[in-house]
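The values are calculated or read from the model by the stated rules, or taken from the named source; none is laboratory data. Only a predicted model underlies this, so the values are computations on that prediction, with no experimental measurement involved. Here the Cβ positions follow ideal geometry from the backbone for every residue, glycine too, while neighbour counts run over all protein chains shown. Note: areas computed on protein heavy atoms with side chains; ligands, DNA, RNA excluded. Shrake-Rupley method; radii C 1.70, N 1.55, O 1.52, S 1.80 Å.
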Amino acid sequence: MAQLPGTGPVETFVEAFTGQQSRFSLRKASCKASIPASPLQRSLLAIASGFTLILSTWLTCPAHSAEKVIVNLGNFEIALAVDDLETYANTGEVRGGLKLYSRFLGETGMAELRQFLQRRFEVDPVVISQLLYSSLGEETLRRLGAVVRTDTRQNGFSAIRAAAILAANEPAGLPIIGWLRQYPSHSIRLNAQQLLELRQQFSTQIDYRDAVVQAINAAAAAEAAASPLPTPIGLPDPGLPGPYRVISRTLEFSRDRQTLLGDRIPRPFRVLLRLPDGLAQPAPVVVISHGLGSTPEAFAYLGDHFASHGLVAILPQHIGSDESRRTSALAGVLTSPVTPVEFVDRPLDISYVLDTLGELASADAGLTGRMDLQRVAVLGHSFGGYTALALAGASLNTGDLFQQECARPQARLDVSLVLQCSASRLPPYTYTLRDPRVQAAIAVSPLTNPVFGPEGLGQIQVPVMMMSGSNDFIASAVEQQIHPFLWLDAPAQYLAVMVPSSHTFADNTPSSGATLDTVSLLLSGPSPRLGQEYVREMSLAFLQRHLNNQSAYDVFLTAAYAESISEEPLDLRLVRSLSPEQLEQAFGGPPPIPFVPEVTTRLPGDRLEGSVRGDEGDTERLRRWEMRGDRQALTPR
């Protein structure tokens, strides 16, 4: 059995930031030291190790013409000449301000500082430029700029970005000293107290994440011991192709829009179909919703697998949040701009596809009698996971809790908040996106909090499977899947966690080029191929049990079965239940992230009640409201 490891971009900068390694890390720590006990020593060591977080977060090595680094320790400052830092990195000689600095850091801290100064980072200049000009990049740069300031004590936002982009153009990557010399200010001012606070926040979140994984591991072991793995008799292996030949088709649909003048604007999109050949009766339907910046083709491997086992797979393109929105090599996850209306459009896209296929089935001989459109499940990844849960009954929340969470300034290892909080520009309306034809949902790395919140997610009344990568920093495993799993009150619910996977493991979008391959690995975690096998196998078992009503497949939906197929380097854990008490016990105290967020600030005014289900006019009114900033453009139905 593999250990529960933790590797990925989060560990890369947290190890540097905290001076310690995640308990579940596969890698050997390059520099591991005990943290000095005194506040001053902790502050100084935070400077030595914490600055790595700022650089590693962007996978780059920053900036231009700085001559010294001034460390602010509250009552006094220490000036470290860049020349002295370079000499120490190259020869180990301690001189100038470093002599005073070394008295506080000690031998271990100085060794760690030297290793840090010797590091090189490789990054594509196009990638880093697009990332730092994205909404995510700018928000994080402002936070970092409060810690890394210019010589005039101004926020270092612009200087950090300019330096990073210049440094990234070096063909072999730059050492840290090169970044310091390109920082566009005579000196770099670092606030030790603020850096220490950031360090503590990130360190605590990682510690809690690791404790949560420990708790899930223990819960899975207990469930496996209570229900040992029986021998499945007469059932096909859900991990292998099924007996049916797969027919592939591509259809062109258009859900048009209407302008204020009554003109119709075409909105064409493609839909992939995977049909099992040889069935004597209509088959249940699985809709697969891709994530932000992705494509239907990235999940065709799932459609082919489901169809080979007798299910119809429908893979729609989501115009407005598909590959056309991909603006960088980061797989569209970090920098794709979307309008908040996509939170409404995506579920409506799928309902429209189901309606239209029902109409086509009576006229198209290739579709007649093949689909049971009253028995539907939705599987979605990331933004598609949000889509699946919305169609299953989770209600979109843009009220008090949503506004409060989006306004919370605390540093969090959860990029998805940038996307989710764009929904704050939606009008104050109660959105009901549930489709009654949807009888089950599978959400892989979904966005849930605060866009649904506990109340919205608790409204789902169909079976749900949530899948998560433990090291996901795009949609935090803890905040977006594991805590929200506690909020579910579904008739059957499952939580599958892949350790130490990240966010994009289920997306089979091919990568090309060394830079994209490196970034893709950071976003997916180790062995995305194995992660896709787990998704394929566990989701098919879930669909056969809860959509096709074959209770014999319960044997595959157990902790024991998940353990039996788990392989290195990617462990699979499956649990049917989890409690706050189990998580708190594993962490050794109250969690740094509340199990259930509470509203502490009420917004004035009432929300409009009603439903946006029904016709294209609903989302067109939302688009007009968004463009005009006019709340009167939207009225309750």
Please go through the stretch 214-232 and give me each residue that is in contact (Cβ under 8 Å) with a residue 40 or more places away in the chain, more than 21 Å from S470 (Cβ to Cβ) and not small (G, A, S), ordered by number. P228, L229, P230, P232
Which condition breaks for A475 when tested against (1) more than 21 Å from L396 (Cβ to Cβ); (2) buried (at least 24 other Cβ atoms within 10 Å of the Cβ)? (1)
Conditions: (1) more than 30 Å from S203 (Cβ to Cβ); (2) surrounded by 24 or more Cβ atoms within 10 Å (Cβ to Cβ). F402 meets all but one. Number of the miss? (1)
Against the condition assigned to a loop (DSSP other than H, G, I, E, B), more than 28 Å from the chain's Cα centre (by Cα) and either at pLDDT 85 or above or aliphatic (A, V, I, L, M) (or both), how does A111 come out, does it pass? no
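Among the residues in the stretch 490-510, are any assigned to a helix (DSSP H, G or I), touching a residue at least 40 places away in the same chain (Cβ under 8 Å), over 17 Å from R434 (Cβ atoms) and among the acidic types (D, E)?
No, that holds for no residue.
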Taking only the stretch 560-604 into account, find how many residues are surrounded by fewer than 18 Cβ atoms within 10 Å (Cβ to Cβ), hydrophobic (A, V, I, L, M, F, W, C) and not in a loop (DSSP other than H, G, I, E, B). 1
Take the residues in the stretch 539-559 that are out of contact with any strand residue (DSSP E or B) (no Cβ under 6 Å at 6 or more places or on another chain) and open to solvent by 10 Å² or more (accessible area, probe 1.4 Å), then tell me which one is farthest from A225 (Cα to Cα). N549
Across (1) within 19 Å of S577 (Cα to Cα); (2) under 22 Å from the mean Cα position of the chain (by Cα), G456 clears everything bar (1)
First in the stretch 573-594 and under 29 Å from V535 (Cβ atoms), second anywhere and part of a loop (DSSP other than H, G, I, E, B), Cβ under 6 Å, 6 or more apart: P580/F595
Residues in the stretch 282-309 that are in a loop (DSSP other than H, G, I, E, B) and either closer than 17 Å to T509 by Cα or at pLDDT below 95 (or both) total 5
Restricting the stretch 74-86 to residues that are closer than 22 Å to E197 by Cα and surrounded by fewer than 17 Cβ atoms within 10 Å (Cβ to Cβ), the residue that is modelled with the lowest pLDDT: G74
Specify the residue that is nearest to D435 (Cα to Cα); the eligible residues are those in the stretch 455-485 that are in a helix (DSSP H, G or I) and among the β-branched types (V, I, T). I482
What's the number of the only condition in (1) out of contact with any Asp or Glu (no Cβ under 8 Å at 6 or more places or on another chain); (2) in a loop (DSSP other than H, G, I, E, B); (3) modelled with pLDDT of 80 or more; (4) surrounded by 20 or more Cβ atoms within 10 Å (Cβ to Cβ) that L413 fails to meet? (3)
Suppose we filter the stretch 430-442 for residues that are open to solvent by 10 Å² or more (accessible area, probe 1.4 Å) and either touching a Ser or Thr at 6+ places or on another chain (Cβ under 7 Å) or in a loop (DSSP other than H, G, I, E, B) (or both); how many remain? 5
When only residues in the stretch 153-175 that are under 20 Å from F116 (Cα atoms) and crowded, with 23+ Cβ neighbours inside 10 Å count, which is modelled with the lowest pLDDT? L174
Can you name the residue in the stretch 187-202 that is open to solvent by 20 Å² or more (accessible area, probe 1.4 Å) and not aromatic (F, W, Y) and is also farthest from V575 (Cα to Cα) among such residues? R189
Single condition R536 does not satisfy, out of (1) open to solvent by 40 Å² or more (accessible area, probe 1.4 Å); (2) at pLDDT 95 or above; (3) assigned to a loop (DSSP other than H, G, I, E, B): (3)
In a helix (DSSP H, G or I) and not small (G, A, S), is that true of E170? no
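Restrict the check to the stretch 372-383 and report whether at least one residue is assigned to a helix (DSSP H, G or I) and either open to solvent by 10 Å² or more (accessible area, probe 1.4 Å) or under 18 Å from W487 (Cβ atoms) (or both).
No: zero hits.
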Can you find a residue that is under 18 Å from A388 (Cα atoms), open to solvent by 20 Å² or more (accessible area, probe 1.4 Å), polar (S, T, N, Q) and in contact with a helix residue (DSSP H, G or I) (Cβ under 9 Å, 6 or more places away or on another chain) anywhere in the stretch 227-249? no
Matching option when the condition is under 25 Å from L523 (Cα atoms) and either in contact with a Leu (Cβ under 7 Å, 6 or more places away or on another chain) or open to solvent by 10 Å² or more (accessible area, probe 1.4 Å) (or both), among S445, S470, S502, S424: S502
Scanning the stretch 94-109 for residues that are of a type outside the set (G, A, S), free of Cβ contacts under 8 Å to residues at least 24 places away in the same chain and over 14 Å from I177 (Cβ atoms) gives V94, R95, K99, L100, R103, E107
From the option list S56, S102, single residue qualifying as surrounded by fewer than 19 Cβ atoms within 10 Å (Cβ to Cβ) and at pLDDT below 90 is S102
When V462 is evaluated against the numbered criteria (1) out of contact with any Asp or Glu (no Cβ under 7 Å at 6 or more places or on another chain); (2) more than 17 Å from G393 (Cα to Cα); (3) surrounded by fewer than 24 Cβ atoms within 10 Å (Cβ to Cβ), which criterion, by number, is the only one it fails? (2)
If D263 satisfies every condition in (1) over 30 Å from L557 (Cα atoms); (2) within 33 Å of the chain's Cα centre (by Cα) but one, which is the exception? (2)
